[in-house]
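Step one of this worksheet: look at the structure below.
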């Protein structure tokens, strides 16, 4: 039932009915995907997966971050892994997953292979992301809390849907692609903190693209692999949320996507946004900072006294001190081992208390700063609050420029905004110059 | 803990301590794998996956059934799928999975790529199969009954172990390959009856080989991905059978592997063996045949009146009638749509009763034939009973000859028995002539 409805949606929606603002958001997510991918191209995990694929060689179907062209299935694996390597890509909190890294990585590879138009690529991206979030919500919190990484699991369904759309499939074949990827989709949260996390995004992209390619060639799977008895949902602690498809095709859950404006764990972003928006005293006047967050984040990003840059990215105390001392939390290089021993930072982070409140939304944080003279400043931020499209665009362009340089960021945006041919975008993301 | 023990076993076992008879069994499983793979090369699922991989092209690292050379990762996918396409390959009942299709497909591809010796390939095959069965037993019946296809899941761990061995990894890296494949392994039983079933074997081979390749290049995953909290076992209904590693390195659970001597569902084989071993009256004298089996098989292979050759492969009544009427149940072509409407067969199958008994072993069947004159013949067979190695060899060689012809079967056996270079075996399995 869910497969049939999603397949009909993906195959048959009238693209002209998609709101302009939603398509603009797709373009912004693609820009963000491209920028974080280029910035991540030299990460060890990106090099390892890319080198394996380059060693295989093969048909020059699609470009990859860091340079090279290869078969689309391999390119999806490489680009999915690379664009998630920095963990700086977009997130959707309805299911808690990173949709673009799985979907855009598959879509660009497939679009290059097929010579699809830039506009079709963008529509496929939207439909794929929408599918992955809807499937993720259907799988639900039980799925996520049991240990599955929605980026890898729901992401594979989104990638399959997007590639099926690019292949021009009717609903039966789109459904078959979704049914087939049900036996292939995987990804565990127990890989978090290792190279396995970005790899989960890569396998999602590659698995989804492979499923679509095989169905295109006549593969006949159990097309209800997602919701069948002992299908993916049943076997992967799926909740079967009956409201997952509410408003499908009318309401775009994609619109609620969150982009990262800080180069750290998304669980810390509401805190940083609250700090940015409040009247902050000079660091020297701060007696105490009290952060109140949902308890689910304690196991994710509450390292108390990290001593590595990576650890800092998962530390409320660290990023709070950084923000109050004026360190740029949007910049990758700010999160250094060195900063973790900076005496000023260390002294300030000791004054940060992290508390929890079950009643607070998972996307929100309250921040209270108590000055030495007793003055209190209170602020709160919820990532779920809409950002004006124009503001989001400004911030994402600035982020892209800071990651890959003004020139390259402008070039990427121009290609995306004008819906240039996928191969042109592919050539630019595979650059080795920034 | 299980990962560490398995990794130590795979990396450090002294190959000279492996019993000769066990290595001979490995050779027989390789022969069987090659013969069923060659026989399956034109199945639609085999063509589809092979054509996708051939379209990708790439480095000529390994041969595939049906012709072609390609990168090892793709060859493993193609050969795993192809050798399971007919469902005529070996089975291990301790975990209920098909170990050779996942492991040998990965091993041959990796061995060709590396230029490994034939002997090292055979040892890696044994260690991989032993690992997959041990992991499968550790995952247990809860895993299988929940809907996971051990051929795909446990098989991926076996393929990873075998490839890691071929790469000469120490135990740390073997463990890392097992840990990495934990986030990639997949395969659902809800694909049974579709092309998705053999595909599960292909993805197991490819996933395992990929994990080993990536670790070789420096990939650092959560090396305890199998048994970590929210690792593969936790998230995939694993039972965590504490006895799974009993006698590891001393007792070879591989030795209990079952080879198929009938081209139908393995659940029917004990029945056919019992029939073959008993004093059977002419079909015309048969009043009634009573088959008594474990109830778990009722949902698997008890189609009452199938009308297709595929259905016949899952029907106690059909294969019993075929055996009593002298149709060769070892031959693929015997299972035809036509035979399902043969009046003699249809009349006889109506006289076959299938009953269940919880107390009977899952690998056993009792058969009772009642003649029209009241005479009764009773026999039983348990697939778990050892077959003499020499008898097994004779039957497997005959099976290979019937599948691919005398000449090719002899050539395959010669290459395997003399531990010829993997590329020589690869060339022969990729033949298009039988």
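Condition (residue is farther than 28 Å from residue B:300 by Cβ and at pLDDT 95 or above) applied to the stretch B:185-206: is it met by at least one residue?
So the first thing to find is which residues in the stretch B:185-206 are farther than 28 Å from residue B:300 by Cβ, and the list is none.
Scanning the stretch B:185-206 turns up no residue that is farther than 28 Å from residue B:300 by Cβ and at pLDDT 95 or above.
Here residue A:336 fulfils each of the conditions (1) more than 21 Å from residue A:298 (Cβ to Cβ); (2) in contact (Cβ under 8 Å) with a residue 60 or more places away in the chain apart from (2). Pairs meeting the criteria (first residue in the stretch A:141-161 and within 14 Å of residue B:234 (Cα to Cα) and assigned by TED's automatic domain parsing to the domain that holds residue A:108, second residue in a loop (DSSP other than H, G, I, E, B) and at pLDDT below 95, beta carbons under 6 Å, at least 6 apart or on different chains) are A:144/A:96. The sole residue among B:116, B:102 that is under 19 Å from residue B:206 (Cβ atoms) and crowded, with 24+ Cβ neighbours inside 10 Å is B:102. Residues in the stretch B:188-198 that are more than 19 Å from residue A:234 (Cβ to Cβ) and at the interface with chain A (Cβ under 10 Å from one of its Cβ atoms): B:195 alone. Each residue in the stretch B:221-257 was checked for being in contact with a helix residue (DSSP H, G or I) (Cβ under 7 Å, 6 or more places away or on another chain) and farther than 30 Å from residue A:149 by Cβ, and 7 pass. Residues in the stretch B:204-226 that are within 11 Å of another protein chain (Cβ to nearest Cβ) and over 21 Å from residue A:189 (Cα atoms) were compared, and the one that is surrounded by the most Cβ atoms within 10 Å (Cβ to Cβ) is B:209.
For (1) outside the structural domain of residue B:37 (by TED's automatic domain parsing); (2) closer than 17 Å to residue B:24 by Cβ; (3) in contact (Cβ under 8 Å) with a residue 12 or more places away in the chain, each residue gets a yes or a no:
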| site | (1), (2), (3) |
| --- | --- |
| B:394 | no, yes, no |
| B:405 | no, no, yes |
| B:408 | no, no, yes |
| B:418 | no, yes, yes |
| B:422 | no, no, yes |
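So which of B:111, B:46, B:60, B:76 ends up being at pLDDT 95 or above and out of contact with any helix residue (DSSP H, G or I) (no Cβ under 9 Å at 6 or more places or on another chain)? Working first, answer last.
On the way: B:111 fails: out of contact with any helix residue (DSSP H, G or I) (no Cβ under 9 Å at 6 or more places or on another chain); B:46 fails: out of contact with any helix residue (DSSP H, G or I) (no Cβ under 9 Å at 6 or more places or on another chain); B:76 fails: out of contact with any helix residue (DSSP H, G or I) (no Cβ under 9 Å at 6 or more places or on another chain).
When all the criteria are applied, what remains is B:60.
Residues in the stretch B:227-246 that are within 9 Å of chain A (Cβ to nearest Cβ), out of contact with any strand residue (DSSP E or B) (no Cβ under 8 Å at 6 or more places or on another chain) and at positive phi: there are none.
Specify the residue that is nearest to residue B:431 (Cα to Cα); the eligible residues are those in the stretch B:54-80 that are at the interface with another protein chain (Cβ under 10 Å from one of its Cβ atoms) and crowded, with 24+ Cβ neighbours inside 10 Å. Among those residues, the one meeting the criterion is B:70.
The values are calculated or read from the model by the stated rules, or taken from the named source; none is laboratory data. Everything quoted here is computed from the prediction, not taken from an experiment. Note that each Cβ is placed from the backbone with ideal geometry, even for glycine, and that neighbours are counted across all protein chains shown.
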